[in-house]
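Okay, so here's the structure we're looking at.
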Amino acid sequence: MIVDLKDVTKSYGDISILKKLNLSLDSGKSVTILGHSGSGKSTLLSILGGTLRADGGEVNVLGNDLLNSNEDSLSIMRRKKLGMIFQHFHLINHLNAYENVLLPLEIDGDIGEEQKNRAKDLLSKVGLADRLEHFPSQLSGGEKQRVAIARALVHNPDLILADEPSGSLDEETGKEVMDLVFKLVEEQGKSLILVTHNKELGKFTDRVMTLDKGVLS
Amino acid sequence: MKLITQASKGLLYRKKFTLIFIINLALGLGGLVTLDYFKNVFDHLVSSRAKSLLGSDLELQSRFPIADKKIEITRNFISQKNKVIKEVEYKTLFTMAKGEERTRLVSLQTIPKGFPFYGDFEFDKASDLSEKIIHAYKDVLVLLGNKGDNKKIIFGEKEFEIGSIVLRDPQQTFGMGAAAPRIFLSPEALERAELIRKGSTVRYRHAFKLERELTTDEILTLKDELNDIAIRINTPEKSSEQVGRLLRYLNDFLGLVSLSALLLALIGIYYLFRAHIYSQRKTIGIYLALGMKRKEVLNLYIIQTFLLATLGTLFGIISSLILSPSLFNILEKVLEVSLPSLFPWSSVGLGLFVGLSSVFLVAWPFLLKFYKQPPQNLFEESTEVDNDNTVSNFKNYLPLLFFVVAFIFYLSNSLLVGSIFTAALAVLLISSFVFVRILLIVLEKLSKNASLEWSMGFKYISRFKLNSFSVFVSLFFSTFLLVFIPSLNDTLQKELDVNSNSSLPSFFMFDIQDEQKVELEEFFEEKDYSLIALSPMIRGRLLRKNGEKISYDPSKKYSREEERAQRLRNRGINISFKESLSDSESIVSGKPFSKTIGEIPEVSVEVRYAERLKIKLGDIIDFDIAGIEVQGKVVNFRKVRWTSFVPNFFLVFQPGFLEDAPKTWLAAVSNIAKEEVKSKLQIDLVDLFPNVSSIDVTRVVNRIRNLMTQMAFALQAMAFLCFVVGIFVLFALCRDLSLRKLKDVALLKVVGMVSGQIRRVFVIEILALAFFSTMSASIFGILTTYIFGYVIFDYTSMPSLTMAVLVPVIILFICVIVSQFAYKKALKTSASFFLED
């Protein structure tokens, strides 16, 4: 099992966001988590990514007990096994498209021709072969998200966490981007947790769950 | 009112920013206000004492006895529209005085009854001047080695007794350990001393007390009516202007260094304000989206800027007012003068004007930019709002540029110094820009093959060009000033180091009469000491250059350099003649003197004197020597090493022409190591040649060295202020960068970088930039010191490298600490930064 959450709780002051939440996901599978704004979707994703600690319960992701791991081991987990895609792309503005994609590989260790070619291949796969040297400010919203997708996949992670990847894009571009995410995840046999409020996207994953009042159903 | 409340709340909410902004501006302004305060106090002191400095309303002064006819012309002229209330004659001269143990050069001034007309003496006890009783400062007795109650001193072969010790005389200027302490005596006592001989350096003075002071026009007319180039007309204004010229120069240069601090502070303000306004981007967008009018939003931020500028300025002014009394106390001790207490209204005004205007000129382009943006742009992540490198953006800063240049000229108080400073600033900025461009290209290339942290650090430098340039410039300026000023001081001190410079003579003699020359040479030969550069000195005055009259028009407004040139033209000059050059001089252009004398004798001119008077090779110059007009043709320019302290002259004639002119002789005496031998020699010299005056070169050199140390200390204090401001700029810059890097830090954490790695990236970024900046500034500082030393003093040794090594090391260390503080918040950014609902 790649993700195993048991009785996970998280509160902000008096407000309880997650109430004994349970979630499991097998390797190579995908799940869509639906929920309205403020339902705690992003909190859940943060806990899964190890960027936020749950208050209680058990959080096992990619074989790591996230509640009892230190900062550094969480970073190492992310650099080796996790890919993240955000609604607002979040590319590093002073790095060009190629450098943004290459970054996770550089963080993971020395890079050689093989890693460089992988970054280029991925950019090629997302349709940006001719945009390698372009900086984020020179790319459209859809193009930025394609770079972000390539960056999430470049280090061959086991799990992809996607937070509203099409949320900042127009309908057509959003669809193209999501098709790309699903296609690449399927091709490369990755697990995917997609957080969105768009019910339509649920059709493309193995399971659909709804987060409401802190509980997944 | 609502806007003011809103603006104040905004500042209170961002306490750290507000505090750093205020301190940064206050530091930048503090030095400037303090210096202006000092300048005003000093000007007030001098102008309030103008009349007592001269002692009269008008004075005729000459190196020769003033003819009765000339005094009559002056009386008649004054009586046309004014009235002479009193008039007296008095004399001043230098001579050697002998005491119980030593001899010493002193300055004698006769005090006729009723003089000075303005100001009073202060004595330890009352006593009258007589043929044998004189008044003197206590220094005289101390320097001559008189012990106990022995108040007897000898000059001109006669013994005198000090009746009263002078505590203060109205003509006293600024002490700083005068070269020749003053002795006051009656005209009868001077006559008894028999010191006045042909060619003695006596100044004859005729002072008038008038019903009112003469106007500039009247002085001009009087000058024409007197028609005597040997007579100088002194007025209270002129004498006060001459006093403390050196201090004014120092103050002007200090002003320029303090301006550097202000310029650095403005860079800091630019980044602080930029960080502030960008952090307000969404807030501005929300205000607009909520229906606030653009003008209202603009007004809100104008009020906020005004509040910041006012607080910073007031803090700077108040700090300066609090610190000034202690600084003035030190100055009073150094200058041996009591400074008047004066509230610095004009300095406060200057501080307010500069503080408010400069902040607005920095802030206005940002405010304007946001004013013009459609609200949706303010919500977007990356739009042209972030781009500061546009031509239109540069245009918005032109008013600031003009303001700075105008202020440079105001502070330097001189067209030449202002132009040099502006040009130097421009050259420094352009060359820094070119250097940084090259550096960025190199670092960009290096980043391709470097390890992750180095690569990221280099990319942050090479891809944030404007930020990198600003860090470079602010560190460059601070380092340069901190290396250059002490290194130059060190070089000058070495140049004037009597102990290590054996070529310096022990003393310098003047007023040697023609008939004493041979006897004096024999005296020194007997004692196994040689005379160096025994040279004739003839007094003369410049009349014409290539037939064109050289005259001074006091009604015209001259720049300081022009005034200096004018003074040189009008001043009597010392001329000499000799066949060959001494070791301390060399021909820089033109040819040596011909073997034979042509129709017009040849003349050699000191190169800087020629530059100031715009004299060219081949020019024909007319002189007045003892009432006879003499012509000379300029055949060469000489460079003189004045610090050799041997007789040297601005103008040297070919031999065989001026030999019969009335003259005295000057000479230096070779280095005498033992102080006792030197003292004994001087005593013997006074006994045999009572009219010959000698200056102890060691003492003069030490006095110059002390003065320079004090000047260098003042400059170093200002440079240190620049350094502190530079550190604030660095902090402001790092903070601006760190706020812009919050997202980067979170993202780097998301993709798996650990905090330690990210910290190293930022340390590498700031260290690499600081390294190149401080090292290049240090090298540049040393080179500039070398060039200054070489150009001014022909000093060819390498300047001391202590500061050049120490300053960059300290700055690099501080940079790491400052950047850690500035990046503290950014490094704490959670990886969940992007996932917050």
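Charges on Cβ only, +1 for Lys and Arg, -1 for Asp and Glu, centred on the Cα centroid of the protein assembly as shown; of B:Leu542, A:Gln115, B:Phe477, which one is farthest towards the dipole's positive end?
A:Gln115
With unit charges on the beta carbon (Lys/Arg positive, Asp/Glu negative), name the residue among B:Leu12, A:Ser30, B:Ile231 whose Cα is farthest towards the positive pole of the charge dipole of the protein assembly as shown.
Among B:Leu12, A:Ser30, B:Ile231, the one farthest towards the positive end of the dipole of the protein assembly as shown is A:Ser30.
How far apart, in nm, are the 7 Å Cα→Cβ label points at A:Lys203 and B:Glu122?
10.3 nm
Could you tell me which of rounded, prolate or oblate describes region B:637-725, using a ≥ b ≥ c as the square roots of the eigenvalues of the alpha-carbon gyration tensor, with rounded for a/c under 1.5 and, failing that, prolate when a/b is larger than b/c and oblate otherwise? Walk me through the intermediate numbers first.
On the way: a/c = 3.62, a/b = 1.57, b/c = 2.31.
Since a/c reaches 1.5 but b/c is at least a/b, the shape of region B:637-725 is classed as oblate.
State the answer as a single residue: which of B:Pro65, B:Ser47, B:Ile22 lies farthest towards the positive end of the charge dipole of region B:12-72, with beta carbon charges of +1 for Lys and Arg and -1 for Asp and Glu, about the Cα centre.
B:Ile22
Once the Cα atoms of helix B:755-793 and of chain B are each reduced to a long axis, what angle between those two axes, in degrees from 0 to 90 to the nearest 10, is obtained?
Approximately 20 degrees, to the nearest 10.
Of the GluC sites (Glu not before Pro) in region B:579-625, which ones lie in a loop per DSSP and count no more than 16 other C-beta atoms within 10 Å?
Of the GluC sites (Glu not before Pro), the ones in loops of region B:579-625 whose Cβ has at most 16 other Cβ atoms within 10 Å are B:Glu579, B:Glu599.
First measure r as the distance between the Cβ atoms of A:Glu172 and A:Asp7, then evaluate 1/(1 + (r/R0)^6) with R0 = 51 Å and state the FRET efficiency to the nearest 0.05. All intermediate terms of the calculation are to be shown ahead of the outcome.
Values: r = 42 Å, r/R0 = 0.82.
Efficiency at R0 = 51 Å is approximately 0.75.
What nm distance separates the two modelled labels at B:Arg203 and A:Ile111, each placed 7 Å from Cα along Cα→Cβ?
Spacing of the two 7 Å Cα→Cβ label points: 7.9 nm.
To the nearest 0.05, how large is the calculated FRET efficiency for B:Ala423 and B:Phe353 if R₀ is 25 Å and r is the Cβ-Cβ distance? Intermediate values should be presented prior to the final figure.
Working: r = 25 Å, r/R0 = 1.02.
That gives a FRET efficiency of 0.45.
Using unit Cβ charges (K, R positive; D, E negative) and no other charged atoms, how large, in debye to the nearest 20, is the dipole of region A:47-154 about its Cα centre?
Details: 13 positive and 15 negative charges, 70 e Å.
Value, rounded to 20: 340 debye.
Across the residues of A:89-99, average count of Cβ atoms on other protein chains within 10 Å? Show your work: numbers first, answer last.
Working: counts 3, 8, 5, 9, 8, 9, 4, 1, 0, 0, 5.
Across A:89-99, the average partner-chain Cβ count within 10 Å equals 5.
Multiplying the sequence separation of B:Lys83 and B:Lys825 by 0.36 nm and subtracting their Cα-Cα distance, what value in nm do you get? Provide the component values of the computation, followed by the final result.
Values: separation 742, 0.36 × 742 = 267.12 nm, distance 7.82 nm.
Value of the extension gain: 259.3 nm.
Provide the gained length on full extension for the span B:Asp217 to B:Asp528, in nm with one decimal, where the gain is 0.36 nm per separating residue minus the Cα-Cα distance.
On the way: separation 311, 0.36 × 311 = 111.96 nm, distance 5.76 nm.
Computed gain between B:Asp217 and B:Asp528 is 106.2 nm.
Compute, for the protein assembly as shown, the length of the dipole vector about the Cα centre, with Cβ point charges of +1 (Lys, Arg) and -1 (Asp, Glu) only. Units Debye, rounded to 20. If you can, show how the numbers build up before the last one.
Numbers: 126 positive and 117 negative charges, 475 e Å.
Computed about the Cα centre, the dipole is about 2280 debye.
Assigning unit charges at the beta carbon (Lys, Arg +1; Asp, Glu -1) and nothing else, what dipole magnitude in debye, to the nearest 20, does region B:58-234 show about its Cα centre? Could the numbers behind the result be given before it?
Values: 30 positive and 28 negative charges, 63 e Å.
I would put it at about 300 debye.
Roughly how tilted is helix B:294-335, in degrees to the nearest 10 and between 0 and 90, from the longest Cα axis of chain B?
Value to nearest ten degrees: 30.
Of the GluC sites (Glu not before Pro) in region B:643-711, which ones lie in a loop per DSSP and count no more than 12 other C-beta atoms within 10 Å? Walk me through the numbers before you get to the answer.
Details: sites: B:Glu659, B:Glu675, B:Glu676; in loops: B:Glu659.
Loop-located and lightly packed - B:Glu659.
Output ³J(HN,Hα) for region B:675-686: one whole-Hz value per residue in order, computed from phi by the Karplus curve 6.51 cos²θ - 1.76 cosθ + 1.60 with θ = phi - 60°, and x for Gly and Pro.
Per-residue couplings from phi come out as 4, 5, 5, 5, 4, 5, 4, 5, 5, 4, 5, 5 Hz.
Quick one: compute a quarter of the convex hull surface over the Cα atoms of region B:720-781 and quote it in nm².
Working: hull surface 19.4 nm².
Here the figure is 4.8 nm², rounded to one decimal.
Given a Förster radius of 41 Å and the C-beta distance between B:Lys16 and A:Ser124 as r, what FRET efficiency does 1/(1 + (r/R0)^6) yield to the nearest 0.05?
On the way: r = 47 Å, r/R0 = 1.13.
With a Förster radius of 41 Å, E is 0.30.
Expressed as an acute angle from 0 to 90° and rounded to the nearest 10, what is the orientation of the C-alpha long axis of helix B:465-495 relative to the principal long axis of chain B?
Roughly 20 degrees between the two axes.
The numbers here are math on the coordinates, done by the rules we state, and not lab data. None of these values were measured; they are calculated from a predicted model. So basically every Cβ, Gly included, is an ideal-geometry build from the backbone, and we count neighbours across all protein chains shown.
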